[in-house]
Amino acid sequence: MRIEHHPLPCSSLGTQRTVTSLHFGVAGARPKVYVQASLHADELPGMLVAHHLRRRLLEAESAGALRGEVVLVPAANPIGLAQRLDHRPLGRFELGTSENFNRHYPDLATLAWERVGAALGPDAEANVQRVREAVRQALAERPAATELQGLRLTLMRLAVDADVVLDLHCDSEAVLHLYSETACWPQLEPLAAWLGAETVLVADYGAGGQPFDEQLSGLWSQLAARLRAEASQAPLPQACASATVELRGEADVDHALAAQDAEAIVRYLQQIGVLAGDPGTPPPPRCTPTPLAGTEILRAPHPGVIVFRAPVGARLQPGDAVADIVDPMSDRVTTLTAAHGGTLYARSRERYAIAGLEVAKVAGARPIRSGDLLSA
Ligand SMILES: [Zn+2]
């Protein structure tokens, strides 16, 4: 294992933060897999999975079983980790700008198109190499003035040429679920099975806000779309499959769960040839993918105490009760129900709702939303 430290630009006099990356296998070996944890810094299960995964990868390395390359960033957001207000962690938005740490990543497909779009030829593998070199170069030349810009650029530079990218997050209270671009699903299907994902949410590029995982897979899906639009015959495969993996809820920080998740990732790495060894047969999938546009978001229509009536993971029929919103001042009680049915994959950790609060999310089979599909 090789350890690299990446200093971020100093946003203020006398401070310096660093991103640390762990590198397993030979640089440049394929497939390359990039895994990062806790980009939203208050979502901690991923950090513990990284801890367990690191040990498994070290064992594999000393056994000579590393065939490809793995880059692991076990704590992807040192800025957010240090943010606290009123004794509480605040790791989703940077306090200085109010920007979500998982938004505003560069549009790699446009960068690649501008640099090499017209030069791509009939050889798919050569095209992949050309595109990777172009975006590596573009990111190397890109300036970063602030600490936040530096963080985004550092993570992007580490991940940009990976064949598979796993961004480890978690929800508030949730079952294990993942998000990916539709184009990546065939490559990620075994991962979802190994992890035992109970919900998979897929969307075409453009779910909103330019999150990390989408820009990395979008490089290929959007560049391919651009080539088609220009009537180019140049072949371009989906050379990166990326996913945001939601490792259950914020409080699900547990050695047994983390070891199980690390084991699932190891099996997947064996299956795609990054690690030697027979992964065995993946367990049967626990869900079929549903459209991100099919997620029903249940909101509190008025303030009150949230009393859940269904656990996370519940398979709901249309009309099933999810939670009561109880206003003890007026004695008003409103029962939130799932209009369309589906899996209750995430719900709020808070038990007091202000009006409009997102109380629960239900993965339905049919699209019911459009526009910006991700939460703030
Ligand atoms: Zn997150």
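Throughout, read-outs are computed from the coordinates displayed, never taken from laboratory work. Remember, predicted model here, so these are calculated numbers, not experimental data. In this analysis, Cβ positions are derived from the backbone assuming ideal geometry, glycine residues included, and neighbour counts consider all displayed protein chains.
A few notes on this one:
- Normalised by the number of residues in segment 2-286, the mean separation of alpha-carbon contacts (under 8 Å, six or more apart) gives a relative contact order of 25 percent.
- Every Cα-Cα pair in segment 17-127 was counted, and those over 25 Å apart are 44% of them.
- Computed magnitude of the charge dipole of segment 291-363 (debye, nearest 20; Cβ of K, R +1, Cβ of D, E -1): 200 debye
- Share of Cα-Cα pairs in segment 2-286 lying beyond 32 Å, as whole percent: 22 percent
- Antiparallel content of DSSP bridges confined to the chain, in %, to 5: 65 percent
- Sorting 10, 240 from the fewest to the most surrounding beta carbons within 10 angstrom yields 10, 240.
- Helix 45-62 axis, angle to the chain major axis (alpha carbon atoms, nearest 10°): 30 degrees
- When the Cα positions of 83, 242, 295 are compared along the charge dipole of the chain, 242 comes out farthest toward the positive end, with charges on each C-beta of Lys, Arg, Asp and Glu.
- Helix 255-271 axis, angle to the chain major axis (alpha carbon atoms, nearest 10°): 40 degrees
- Relative contact order (%) - segment 291-363, alpha-carbon pairs under 8 angstrom, separation at least six: 43 percent
- Helix axis angle, 147-159 relative to the chain longest principal axis, alpha carbon, degrees: 60 degrees
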